[in-house]
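Q: Could you have a look at this structure, given as structure tokens, before my questions?
The values are calculated or read from the model by the stated rules, or taken from the named source; none is laboratory data. Not measured: the values here are computed from a predicted model. Don't worry about glycine lacking a Cβ; one is built from the backbone with ideal geometry, like all the others, and counts go over all protein chains shown. Calculation scope for accessible area: heavy atoms of the full protein, side chains included, ligands and nucleic acids excluded. Shrake-Rupley method; radii C 1.70, N 1.55, O 1.52, S 1.80 Å.
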Amino acid sequence: WYKKGKKMAEVTYKNDLLISATCYQPDGKQASGITNGTGIFLTHYQDGTRKSEDHYKKGVREGPAKTWMAGGIPHRSTSFRAGLRHGSGTQWYSNDKVEWTATWNNGVVTSRQHYTREGRPAPIPNQ
């Protein structure tokens, strides 16, 4: 639900798979939908700017997955295959500098690089 009482989404799961969804914008208009486990799931901030975009196929994430900070600033861009992160991904700081880049192979991180808020390479946390 949005803060002003409007419905954000109606979703149906079966056996941990997303079967159907209807996503709404804050003004109540339909934004996207998922039918028979396939489609796009969109969420929005109160002002109507996009918050997230996830693609689904056969009930699991498949393809691009993106999030934005308030005001439409990019936050994260990754990709999924059969419900697992697969391929390259990037996350940004609010100052538009890259926070990290990573590559996954069927859900396993194969490479990653972190950066400072100023954009310089940084050590990977917890190593």
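Q: Calculate, for the chain, the solvent-accessible area per residue in square angstrom, rolling a 1.4 angstrom probe over the heavy atoms of the protein chains.
A: Result: 62 Å² of accessible area for each residue.
Q: Shifting gears a bit: Just how far, in whole angstrom, is the range 59-84 from the range 1-58 if you go by their alpha carbon centroids?
A: Result: 14 Å between the Cα centres.
Q: Using 1/(1 + (r/R0)^6) with R0 = 30 angstrom and r between the beta carbons of TYR13 and ALA122, what's the FRET efficiency to the nearest 0.05?
A: The computed FRET efficiency comes out at 0.20.
Q: In whole Å, what three semi-axes, largest first, describe the equivalent ellipsoid of the range 1-92 built from its Cα gyration tensor (square root of 5 times each eigenvalue)? Numbers along the way, then the final one.
A: Working: eigenvalues 91, 73, 13 Å².
Ellipsoid half-lengths, sorted descending, are 21, 19, 8 Å.
Q: Another one. Can you pull the percent of the chain's accessible area that's carbon plus sulfur, 1.4 Å probe, other chains left in place?
A: Accessible surface attributable to carbon and sulfur in the chain totals 49 percent.
Q: Taking a threshold of 31 Å on the Cα-Cα distance, which of the pairs LYS4/LYS66; LYS3/LYS66; LYS4/LYS97; LYS6/LYS66; LYS29/LYS97; LYS6/LYS57 fall above it?
A: Checking Cα-Cα distances, LYS4/LYS97; LYS29/LYS97 exceed 31 Å.
Q: Something else: Assigning unit charges at the beta carbon (Lys, Arg +1; Asp, Glu -1) and nothing else, what dipole magnitude in debye, to the nearest 20, does the chain show about its Cα centre?
A: Charge dipole of the chain: 100 debye, to the nearest 20.
Q: Pairs of Cα atoms under 8 Å, at least six residues apart: use those to get the relative contact order of the chain, whole percent.
A: Across the chain, relative contact order equals 12 percent.
Q: Which one of ARG85, ARG117, ARG61 has the biggest mean-square fluctuation once the chain is modelled by GNM with Cα springs under 10 Å?
A: Among ARG85, ARG117, ARG61, the largest GNM mean-square fluctuation belongs to ARG117.
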